[in-house]
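Here the structure comes first, spelled out in structure tokens, and everything after it is commentary.
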Amino acid sequence: NIPRQLQSGTDWTRPLKYLNLYSNSLTGSIPENLRLSELYYFDVGRNNLQGTIPADMGNDFNSLRYLHIDHNRLSGSIPETIPPMGNGRLFSFFASHNFLSGRVPDNWVMFNKLVQYTLHENRFDELGENNCRYAIMVFCCNFCLMANFSPHCSLISTSTSDL
């Protein structure tokens with residue numbers, strides 16, 4: 001499990017800036033009320049985490065630039081608080097290979113800051129319209145796929161390039 005000591009109200013002597021729990025066979029869920037306002041990097045990818053993405057995560061991670069929650073068993077939708085998290089300066093958001101569903105939020109405050117954005121292998125049924133106004137970089141396998149969307153969010157062209 002993700003340690004409860006990270007939740008708000010605990011006696012932390014120094015603010016945490018980097019938390020990498022990648023591929024540690026963690027179970028349970030991502031706790032609410034983490035309130036890690038100075039955290040820059042949060043990676044819990046390739047674990048066995050279940051449950052939903054806490055909605056308060058987007059409000060509490062003020063300095064976050066890297067959010068990696070991929071390859072877990074997370075379900076539900078991506079909270080609308082995620083795109084503006086880190087004061088809209090999120091560089092990397094990995095949420096692929098989960099059981100996420102519903103609408104992909106499109107309220108990205110500073111879309112030009114987002115460099116890595118992976119959502120494949122989920123169960124989404126709607127891509128928010130503002131996601132379609134930009135060329136979205138999707139990483140798959142060993143190449144980069146640049147996808148262009150029409151105003152109605154249907155895929156109209158792709159091109160590949162080496163990273």
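The values are calculated or read from the model by the stated rules, or taken from the named source; none is laboratory data. This structure is a prediction, so every number in the text was calculated from the model and none was measured. Here the Cβ is made from the backbone with ideal geometry for all residues, glycine too, and neighbour counts use every protein chain on show. Calculation scope for accessible area: heavy atoms of the full protein, side chains included, ligands and nucleic acids excluded. Shrake-Rupley method; radii C 1.70, N 1.55, O 1.52, S 1.80 Å.
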### Query
Checking Arg35 against (1) open to solvent by less than 70 Å² (accessible area, probe 1.4 Å); (2) part of a loop (DSSP other than H, G, I, E, B); (3) at pLDDT below 95; (4) closer than 29 Å to Asn130 by Cα, which single condition isn't satisfied?
(1)
#### Entry: Positions within segment 38-52 being open to solvent by less than 10 Å² (accessible area, probe 1.4 Å) and of a type in the set (Val, Ile, Thr), in sequence order
Val44
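Against the definition (open to solvent by less than 70 Å² (accessible area, probe 1.4 Å) and either at pLDDT 95 or above or of a type outside the set (Ser, Thr, Tyr) (or both)), how does Tyr22 come out, yes or no?
Criteria not met by Tyr22.
Which residues, taken from segment 57-78, are under 17 Å from Arg123 (Cβ atoms), open to solvent by less than 20 Å² (accessible area, probe 1.4 Å) and not polar (S, T, N, Q)? Spell out how you get there, then give the answer.
In the first step, residues of segment 57-78 are kept if they are under 17 Å from Arg123 (Cβ atoms); the result is 69-78.
Add one more test, that the residue is open to solvent by less than 20 Å² (accessible area, probe 1.4 Å), and what stays is 69-70, 72, 74, 78.
Once the filter is applied, which keeps residues that are under 17 Å from Arg123 (Cβ atoms), open to solvent by less than 20 Å² (accessible area, probe 1.4 Å) and not polar (S, T, N, Q), segment 57-78 yields Ile69, Asp70, Leu74, Ile78.
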